[in-house]
Amino acid sequence: MKVPMLDLAPQYEPIRAEVFAAIEKVYDSKKFILGEEVGKFEVAAAKYTGAKHAVGVSSGTDALLISLMAAGVGAGDEVITTDFSFFATAGAISRVGATPVFADIDPVTFNIDPRLVASKITSRTKAVIPVHLYGQCADMEEIASAVRGRGIAVIEDAAQSLGARYRDGRGAGALGDYGCFSFFPSKNLGAMGDAGMVTTDDAGLADKLRLLRGHGAVRKYYHSLIGGNFRIDTIQAAVLDVKLKYLDGWTSARQENARRYDKLFADAGLVSSGEVTPPAAVYKKAGGPERYHIYNQYMIRARSRDDLKKFLDGSGIGNDIYYPMPFHLQECFAHLGGKPGYFPQSEKAAAEVLALPVYPELKPEMQEYVVSKIKEFYKNRG
């Protein structure tokens, strides 16, 4: 049996006519840059996250970059962030001339350990970027407490967590000063190319973000700020607006797939033996069973991870490592002085994590096959 890491075909086929109609409308309008579909999607996306404003941009990476620019982060400033995430989180900080200051992660959620944030703050700290990794919100209360009243911007990297909720029910992207999202095609809400979004509750910041995404122009050829070309394509906004109304259903399917994996791993004895540790969904709705984790990825910790990955590759089972090296050990950040052992939880996660297929249309028998092959791998190792 072949089990792909992600299969977009069964997601797109049922909505093919809707998507094509939306694209055709843009085609007929010829308003390919900041057409009316952009504003329509922004209104719907803001409502979905619980933020007051949403600004469509060109990618999740550019969402981070433009948020740092809007917050006035630049040379001589420091930005505290996790040591364990996709490269764009730290890369955007360096691109504006600031210095990334890394903190280790919580071993249960893989998110930044909020207890460490306060200890990293200096007079040069201009922002904090917590990442809602894999689909679960970071512990924002303690982070907010650490920066309160100090003029430090909180920029949420919610690239993997559209629809995730915090323990009080607020959505990812509505917990800080800025919320940054990616609509890369593999995300839980994916575009047909690159696209992103920034959310905020501050009308002034929203206006500033809109200026920055169009080279800081108040009107054509008249520039009040130095921005960039960070515009979302009208076609991508149109496609995302169609898909957004299906997102809750897709999220429910991901959560059901995660629950099935949890049970399959437990029934196979892989959890009690310590061979596999499924992800933890820490926050739940008060009085209800629904998880706040939206499982953009279903990540396990696995013993002998690299050998298991090779075995799954050979068994036709898609899988991936998010991420094999923490930031402090990356060559491009060597000048920051990071050494092995500096951030033990990040290093341990990098050696153990493995993503398994969890997309909404994944069939139960495919999950059963995945777990049976993992069980076979560990049984054969004795």
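Could you check, for the stretch 347-358, whether at least one of its residues is open to solvent by 60 Å² or more (accessible area, probe 1.4 Å), outside any helix (DSSP H, G or I) and not polar (S, T, N, Q)? Taking every residue of the stretch 347-358 in turn, none turns out to be open to solvent by 60 Å² or more (accessible area, probe 1.4 Å), outside any helix (DSSP H, G or I) and not polar (S, T, N, Q). Can you tell me which residue within the stretch 98-112, out of those that are in a loop (DSSP other than H, G, I, E, B) and in contact (Cβ under 8 Å) with a residue 60 or more places away in the chain, is surrounded by the most Cβ atoms within 10 Å (Cβ to Cβ)? Here the residue is PHE110.
Among residues of the stretch 113-124 that are within 15 Å of THR82 (Cβ to Cβ) and assigned to a loop (DSSP other than H, G, I, E, B), those with a beta-carbon under 7 Å from a residue that is among the acidic types (Asp, Glu) and at pLDDT 95 or above at least six positions away or on a different chain give the pairs ASP113/ASP104; ASP113/ASP106.
Within the stretch 47-58, can you find the residues that are surrounded by fewer than 23 Cβ atoms within 10 Å (Cβ to Cβ) and either of a type in the set (A, V, I, L, M) or in a loop (DSSP other than H, G, I, E, B) (or both)? Correct list: GLY50, LYS52, SER58. Among the residues making up the stretch 171-190, those that are open to solvent by less than 10 Å² (accessible area, probe 1.4 Å), assigned to a loop (DSSP other than H, G, I, E, B) and more than 17 Å from THR234 (Cα to Cα) are ALA172, GLY173, ASN188. If the condition is being in contact with a helix residue (DSSP H, G or I) (Cβ under 7 Å, 6 or more places away or on another chain), more than 17 Å from ARG213 (Cβ to Cβ) and part of a loop (DSSP other than H, G, I, E, B), then the stretch 64-97 contributes ASP83, PHE84, SER85.
For ALA237, the stated conditions do not hold, so it cannot be described as open to solvent by 20 Å² or more (accessible area, probe 1.4 Å), in contact with a Gly (Cβ under 9 Å, 6 or more places away or on another chain) and either closer than 20 Å to ILE66 by Cβ or at pLDDT below 95 (or both). The residues listed here are PHE327, PHE343; of these, the one that is touching a Gly at 6+ places or on another chain (Cβ under 8 Å), within 29 Å of ALA103 (Cα to Cα) and surrounded by 14 or more Cβ atoms within 10 Å (Cβ to Cβ) is PHE327. Checked against the criterion of being crowded, with 21+ Cβ neighbours inside 10 Å, free of Cβ contacts under 8 Å to residues at least 60 places away in the same chain and either more than 15 Å from the chain's Cα centre (by Cα) or under 22 Å from ASN296 (Cβ atoms) (or both), the candidates GLU156, GLU141 yield just one match: GLU156.
The values are calculated or read from the model by the stated rules, or taken from the named source; none is laboratory data. Only a predicted model underlies this, so the values are computations on that prediction, with no experimental measurement involved. Glycine also receives a Cβ, built like all others from the backbone with ideal geometry; neighbour counts cover every protein chain displayed. Heads up: the accessible areas ignore ligands, DNA and RNA and are worked out on the full protein's heavy atoms, side chains in. Shrake-Rupley method; radii C 1.70, N 1.55, O 1.52, S 1.80 Å.
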